[in-house]
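Notes to accompany the following structure.
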Amino acid sequence: MALFQISEPGQSPGPHQQRIAVGIDLGTTHSLVAAVRSGVAECLPDAQGRVLLPSVVRYLAKGERKIGFDALEPLADDPENTIASVKRFMGRGLQDVADHDKLPYRFVDAGVSGAPGMLWINTVAGDKSPVEMSAEILATLRRRAEDTFGGALYGAVITVPAYFDEAQRQATKDAAGLAGIHVLRLISEPTAAALAYGLDHAVEGIYAIYDLGGGTFDISILRLTRGVFEVLATGGDSALGGDDYDRALADWVLAQMDVQAVTASDIVAVKAAARACKEALSMLQNTTDSVAFSARLTRAKVDFHVSTVQFDAATASLTDRTLAAARKALRDAGLGRDEVNGVVMVGGSTRMPQIQRAVGDFFGHAPLNNLNPDEVVALGAAIQANQLAGHGATRDLLLLDVIPLSLGIETMGGLVERIVPRNQTIPTAMAQDFTTFQDGQTALALHVVQGERDLVADCRSLARFELRGIPPMVAGAARIRVTFTVDADGLLSVQAREQTSGVEARIDVKPSYGLSDEQIATMLQDSFSTAARDMQVRSLVEARVDADRMIAATQSALAADGDLLSPCQRASIDALLAAALQAKLLEDPKAVESATQQLAKGTEAFAALRMNRGIRQALAGKNVETL
């Protein structure tokens, strides 16, 4: 007799319907894949029992390539074709990588696709994009998971730095698609870490997640309450990580010895020596001890002993940058340091003693290191993947993430009208109504931007599209609703709809490259330090736009009904027009506003004359009965 596989409502499906869902931490230095097995989240090892996969791809002739540990051995011998830390190039153009001249790769502006602004790297196997390289790493992790479970992967939750912008998030999703992975959700790395830590330890309260990885730094402030993980604020620096500590140490040592790295192999050798030295220093118990920094270059042999104190001094500015971001995140969350119940340390770079000390001193209590900082992000992603796959173990979990940078559109005068503010909980849909500027306007160009400044020139362009078919109306009569929809992955779509006629247009924002590292790091800082100047500029632009409208309306009225005015009245209005035009050239918004108001007041009588003429024309030839 055949048997049915039966499960109660809300329970996980039986073994025949089991969905294999994993969490993937696509890291700068290492990547991992994890899954929930028997109710416990754990990282999945390769055939040799290693859970870490170095995020390195080596390209060989005839389309061959090596990934992970297999690609590491020839790193110094073949640096141009062995690509490491590719995550730092995701969603980037060549102009966005400020230190590309210090890297051993052959960068090109556009690869075989010719995509404008897209960063590519020339290898023996041809031009390769960061998306393609990341896909190689993701595919390796997918195969590892499928080998572990003996079946096809249903989907994955993939983590990204909290400060990844639209282009970087989209590039990550594209890489997953190339790797044959269905993305269940993109979540921020600090949020994934809090997920793993909170469920493992059943903690509640306000926690800071300090995430210093190989290539990025994130700080997130979360409130954990009975299975609800709410991100209150996030910040960070997408151009700061363990790689930068390596480079700072290498530059300091070379400066002490008056030596330069002149070839691609030299650059790789020095960086490898710096990383080994950094890791050795992190193991020392006595700060007065030192370790050897040793590298063989083309023209010199570098042998230098570095102490913990020297390393701390050489990298102090980098550590200070992380604490500055932490201050901003606390300010955005409206919290003081004493209100934070704990600080969860995430990322291998947090093993550095100076980081542990600095974080402990800043928050006033020892940071939490209960979970492996290399694995905690992947474990949290696995927990979320288990839930999204429909398994019952984590069905009460609610994850509320936020958007890192504001989104808006360009308005008249090159101003930015923010529609979705930074630190807004996602998913979300927010709308705002706009109108037309000219009489009879039948089309509207929309320019979507991202950033915290008031002027379009100071933000980054994401997309442009047009709304056509607007019925001809007088200026200001049309009502156009622009709706921004940000999904759970932080990806954006924009819709514009004219409310009277119902005509609409929409676009899924998919930029070819994103904000520069320097721009991401300085956007929020600029928004605070230049707030007064931005407000002054915005007031001036708004005043000039109002003046333009009043001047255009007056000139149109004079052309149509100027004969109603006496020579004296016409001269008075002409003088007010000239004064308004002259005021527009000034840098004083109050002067522009005053001239506009005087023109409006000076034309009130003219407006009344025009209205009387219009009424007389409408009533001409009619009597009381017909009316």
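Applying a 10 Å radius around every beta-carbon, put 83-91, 437-445 in order of their mean neighbour count, most first. Don't jump to the answer; show the numbers that get you there.
Working: 83-91: 25.4, 437-445: 14.1.
Ranking the peptides 83-91, 437-445 by packing returns 83-91, 437-445.
Listed by chain and number, the aspartates and glutamates whose C-alpha is less than 19 Å from the C-alpha of residue 601, apart from same-chain residues fewer than 8 away, are 546, 548, 561, 574, 593. Its DSSP H runs of at least 4 residues, each contributing -39,500 (n - 2.57), put the calculated 222 nm mean residue ellipticity of the chain at -12000 deg cm²/dmol, to the nearest 500. Label zone of residue 560 (point 7 Å out along Cα→Cβ, amide N under 20 Å): in region 470-503 this covers 471-479.
Counting protein heavy atoms only, the chain has 51 percent of its accessible area on carbon and sulfur, 1.4 angstrom probe.
Choose one of 617, 499, 210: the residue whose Cα lies farthest towards the positive end of the charge dipole of the chain (beta-carbon charges +1 Lys, Arg; -1 Asp, Glu; about the Cα centre). Positive-end residue among those listed: 617. Using only the C-alpha atoms, the convex hull of the chain corresponds to 238 Å³ per residue.
Between region 543-576 and region 305-384, how far is it from one alpha carbon centroid to the other, in angstrom? Each part reduced to its Cα centre gives a spacing of 63 Å. Packing here is the average count of other Cβ atoms within 10 Å per residue, and on that basis the peptides 242-255, 546-559, 479-492, highest first, run 242-255, 479-492, 546-559. The stretch between residue 260 and residue 464, if pulled fully straight at 0.36 nm per residue, gains 68.9 nm over its current Cα-Cα span. For the pair residue 324 and residue 292, the difference between a 0.36 nm per residue extended length and the Cα-Cα distance amounts to 8.4 nm.
Pairs over the 31 Å Cα-Cα cut-off, from the set 278/328; 66/271; 173/278; 66/173; 128/328: 173/278; 128/328.
Using the heavy atoms of the protein chains and a 1.4 angstrom probe, tell me the accessible area per residue for the chain in square angstrom. Walk me through the intermediate numbers first.
On the way: 27900 Å² over 627 residues.
Heavy-atom accessible area per residue stands at 44 Å².
Taken along the Cα-to-beta-carbon direction at a fixed 7 Å, the label points for residue 487 and residue 429 span 1.4 nm. Subtracting the Cα-Cα distance of residue 575 and residue 357 from 0.36 nm times their residue separation leaves 71.5 nm of extension gain. Dipole magnitude for the chain: computed about the Cα centre from +1 point charges on Lys and Arg Cβ and -1 point charges on Asp and Glu Cβ, it is near 960 debye. Rounded to the nearest 20, the size of the Cβ-charge dipole of region 431-470 about its Cα centre is 200 debye, with Lys and Arg at +1 and Asp and Glu at -1.
Net charge near residue 434: determine it from the other residues with C-beta under 9 Å of the C-beta of residue 434, scoring Lys and Arg +1 and Asp and Glu -1.
Details: positive: 479, 481; negative: 417, 433.
Overall, the nearby charge balance is 0.
In straight-distance terms, cross-link reach from residue 301 covers every one of the aspartates and glutamates whose alpha-carbon lies under 17 Å from its own, apart from those fewer than eight places away in the same chain; here that gives 77, 251, 258, 266.
Along the charge dipole of the chain, which of 310, 391, 565 sits closest to the positive end, that is, farthest toward it, with unit charges on the beta carbon of Lys, Arg, Asp and Glu (+1, +1, -1, -1)? So the residue we want is 565. Counted without the sites themselves, the longest stretch of the chain free of GluC sites (Glu not before Pro) in a DSSP loop having at most 12 other beta carbon atoms within 10 Å is 65-586.
I'd like the antiparallel share, as a percent to the nearest 5, of DSSP beta bridges with both residues in region 287-398. Of all bridge pairs located within region 287-398, approximately 90 percent are antiparallel. For a label point 7 Å from the Cα of residue 147 along Cα→C-beta, name the residues of region 30-62 whose backbone N is under 15 Å from it. Inside the label zone: 32-34, 44-54.
The values are calculated or read from the model by the stated rules, or taken from the named source; none is laboratory data. A quick note: this is a predicted structure, and the numbers were derived from the prediction, not measured. Don't worry about glycine lacking a Cβ; one is built from the backbone with ideal geometry, like all the others, and counts go over all protein chains shown. To get the accessible areas, we keep the full protein, side chains included, count just its heavy atoms, and leave off ligands, DNA and RNA. Shrake-Rupley method; radii C 1.70, N 1.55, O 1.52, S 1.80 Å.
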